[in-house]
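Enquirer: Take this structure, written in structure tokens, and hold onto it; I'll ask about it next.
Values in this text are rule-based calculations from the coordinates and carry no lab data. Everything quoted here is computed from the prediction, not taken from an experiment. So basically every Cβ, Gly included, is an ideal-geometry build from the backbone, and we count neighbours across all protein chains shown.
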Amino acid sequence: MDNEIGAAGSTGLGEANLLNCTSAMIVEYMRQGKSPEQACLQGCQRIVDRNKTGRWLDVNNRPTFNVNFYAINKKGEFGSASIWGELTFAVHDGAKGEIRKSAYLFKR
């Protein structure tokens, strides 16, 4: 979290997030001007690019696990992305709640 930019969090395989400092990087990507969804997608790609552990790779060298990211910026824009889709997330803007689809890198 950075009070000047926004915040990001995750669910899924926490070790993959922590080993890559991904939530912090997502906030940095937003600082660089990316939307929360674009920043979450770039965070997912960072994990994929850096995941070299054989036991966590499928036959196509893609992660066998999933990590889902959620981010919001100071303007109130939000987004979500995961390594594997299709997933949904819930948001509430103060007036109404809704379910949205997350962006993703790979579809199972």
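Enquirer: Just name the residue that is surrounded by the most Cβ atoms within 10 Å (Cβ to Cβ) out of those in the stretch 2-25 that are touching a residue at least 12 places away in the same chain (Cβ under 8 Å) and on the phi > 0 side of the Ramachandran plot.
Expert: Per the criteria, the residue is Gly6.
Enquirer: Out of the residues in the stretch 26-78 meeting the condition of being outside any loop (DSSP other than H, G, I, E, B) and of a type in the set (D, E, K, R), tell me which one is surrounded by the fewest Cβ atoms within 10 Å (Cβ to Cβ). Walk me through it before giving the result.
Expert: Kept after step one, since they are outside any loop (DSSP other than H, G, I, E, B), are these residues of the stretch 26-78: 26-31, 36-50, 54-57, 63, 67-73, 78.
Pick out the ones that are also of a type in the set (D, E, K, R) and you get 28, 31, 37, 46, 49-50, 55.
On the way: Glu28: 17, Arg31: 14, Glu37: 18, Arg46: 18, Asp49: 9, Arg50: 12, Arg55: 5.
Result: Arg55.
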